[in-house]
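Asker: Before I ask anything, here is the structure I am working with.
Computed from the coordinates by the stated procedures, all read-outs in this text should not be read as laboratory data. Source: prediction; values computed, not measured. Heads up, the Cβs are rebuilt from the backbone with ideal geometry, glycines too, and the neighbour counts pull from every protein chain shown.
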Amino acid sequence: MAAPPPSAPGEPAPPPLQYSLLLQHLVGDKRQPRVWDPATFGGIPCPPKSEEQKMVERVMESCPFKAALACVGGFVLGGAFGIFTAGIDTNVGFDPKDPYRTPTAKEVLKDMGQRGISYAKNFAIVGAMFSCTECVVESYRGKSDWKNSVISGCITGGAIGFRAGLKAGVIGCGGFAAFSAAVDYYLR
């Protein structure tokens with residue numbers, strides 16, 4: 001870049017170059033410390049959360065809410081699974097005295113309802129147990145990672161299997177922990 005022509009005697013000095021002003025603001029005395037706002041990382045500024053939003057987040061992240069959500073979700077999923085399995089079961093309304101008799105629609109619907117409710121209750125209990133256990137483990141450890149689901153799966157599976165004996169409890173612990181690890185690996 002060429003230097004500016006020298007000024008004649010009696011003329012005022014030329015103004016300083018613009019890049020020197022810029023450097024003073026970037027690294028010089030006029031530099032202002034930058035306040036780092038985590039909400040602006042990523043280029044999209046987020047407005048501060050209101051008290052209502054904070055309260056809703058606290059409720060949704062609480063252990064009772066997670067347990068209730070898992071219970072309701074388990075009930076719905078278990079009911080659907082029970083109705084589906086009863087609908088495709090060939091032994092519905094089977095009478096050993098008359099093996100060629102076709103079950104009536106009333107018998108099939110009754111069995112679907114009974115099995116749906118039974119599965120729904122079982123899935124709801126398992127979902128609530130797992131969710132509560134995971135929340136307690138996460139609160140105790142102070143971390144949110146895959147180990148919480150594995151530990152919770154082991155505790156839940158062991159508690160369910162322990163009703164049938166120690167060996168069933170150990171197998172339930174291992175099976176539920178492995179399933180929880182696989183689901184957690186797939187979802188994260």
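Asker: Dipole magnitude of the chain about its Cα centre, charges +1 at Lys/Arg Cβ and -1 at Asp/Glu Cβ only, in debye to the nearest 20?
Answerer: That gives a dipole near 520 debye.
Asker: Further question on the same structure: Straight-line reach from Lys30: which lysines fall under 19 Å, measuring Cα to Cα and dropping same-chain residues less than 8 apart?
Answerer: Lys30 reaches no qualifying lysines.
Asker: Could I get the Rg over Rh figure for the chain? Both from C-alpha atoms, Rh via Kirkwood, rounded to two places.
Answerer: We get a ratio of 1.44 for the chain.
Asker: How big is the charge dipole of the stretch 64-109 about its Cα centre, in debye rounded to the nearest 20, if each Lys and Arg gets +1 on its Cβ and each Asp and Glu gets -1 on its Cβ?
Answerer: Computed about the Cα centre, the dipole is about 160 debye.
Asker: While we're on this one: Are there any GluC sites (Glu not before Pro) in the stretch 44-95 that are in a DSSP loop and have at most 13 other Cβ atoms within 10 Å? List them by number.
Answerer: When the GluC sites (Glu not before Pro) of the stretch 44-95 are filtered for loop state and at most 13 Cβ neighbours within 10 Å, Glu61 remain.
Asker: How large is log10 of I(q)/I(0) for the stretch 51-113 at q = 0.14, 0.20, 0.21 Å⁻¹ when the intensity is taken from the Debye formula with one equal scatterer per alpha-carbon?
Answerer: -0.58, -0.80, -0.84
Asker: Count the lysine pairs in the stretch 79-157 that are 8 or more places apart or on different chains: how many have C-alpha atoms under 27 angstrom apart?
Answerer: 4
Asker: For the stretch 182-188, what does the Karplus curve 6.51 cos²θ - 1.76 cosθ + 1.60, with θ = phi - 60°, yield as ³J(HN,Hα) per residue in whole Hz, taken in order and with x for Gly and Pro?
Answerer: With the stated coefficients, the stretch 182-188 comes to 5, 5, 5, 5, 6, 7, 9 Hz.
Asker: Which value does Rg/Rh take for the stretch 103-158 over its C-alpha atoms, Rh per Kirkwood?
Answerer: Rounded to two decimals, Rg over Rh is 1.31.
Asker: Suppose each label sits 7 Å from its Cα in the direction of the beta carbon; what would the Tyr100-Lys143 distance come out to in nanometres?
Answerer: In this crude label model, Tyr100 to Lys143 measures out at 6.7 nm.
Asker: Further question: Rounded to whole Å and sorted largest first, list the principal axis extents of the Cα atoms in the stretch 135-188.
Answerer: Computed over the Cα atoms, the extents are 32, 24, 10 Å.
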